[in-house]
1. List every residue whose amide H lies under 5 Å from the amide H of residue 146, counting only residues 5 or more places away in sequence or on a different chain, with H placed 1.01 Å from N in the peptide plane.
2. So what J values fall out for segment 110-117 if you push phi through Karplus, 6.51 cos²θ - 1.76 cosθ + 1.60 with θ = phi - 60°, rounded to Hz, Gly and Pro as x?
Amino acid sequence: MLFKKYCPFLLLILYCSACNKKEQRLQQVMALQQMSDLATVEYVVTKIIKASDNKTWYKIGDRKILMSCKATLTAGIDLSAIKSEQVQIEGKNITLTLPHSKMIAVNIKPEDIVEEYESIDVLRQPFSGEERNALAIQAETQVKASVAELGILQTAETNAALFVNSFLHRLGYEKITIHFDNASSTKN
């Protein structure tokens, strides 16, 4: 009789504690948001810049320059973009949808731009600082355009999935499924 009287209350307490535990687990996963931009890969590439100014009919003589620049490319994912709707928890199983990777930074230091060769005929002026800067900007644009063929974004996603998988595994999840929008990869 006493059990029948308090049974609804006990069930409510058990239900609330289960919901509270699920909410706690979700909050642990959502702690990933605090990391914001997670840089998972860094490439260092060298770009050769070549310029020749001999096609102008009214200038007599040639001038050529060959410069190299070292660019550091950093890519990763924005963990602050994760929403609670992108996390499904069922016991020890979790499915998480992450945003696709992005370029976080393209860094070319001025000291990493080196003149390798310059040839200027007698009747010509050397390349100005402004022209050299324009060539460096052109190199940065070309480096950014080459990101897709370098595979840096795919590597960033692979590394992010490994990091998040390890993080979730430490939280006690056994079956972890990580999606990047429509593409998925399962890690156990």
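1. Long-range HN contacts for residue 146: none found.
2. Per-residue couplings from phi come out as x, 6, 8, 9, 10, 7, 8, 7 Hz.
Taken together, the values in this text are just the output of simple stated rules run on the coordinates, not laboratory data. Source: prediction; values computed, not measured.
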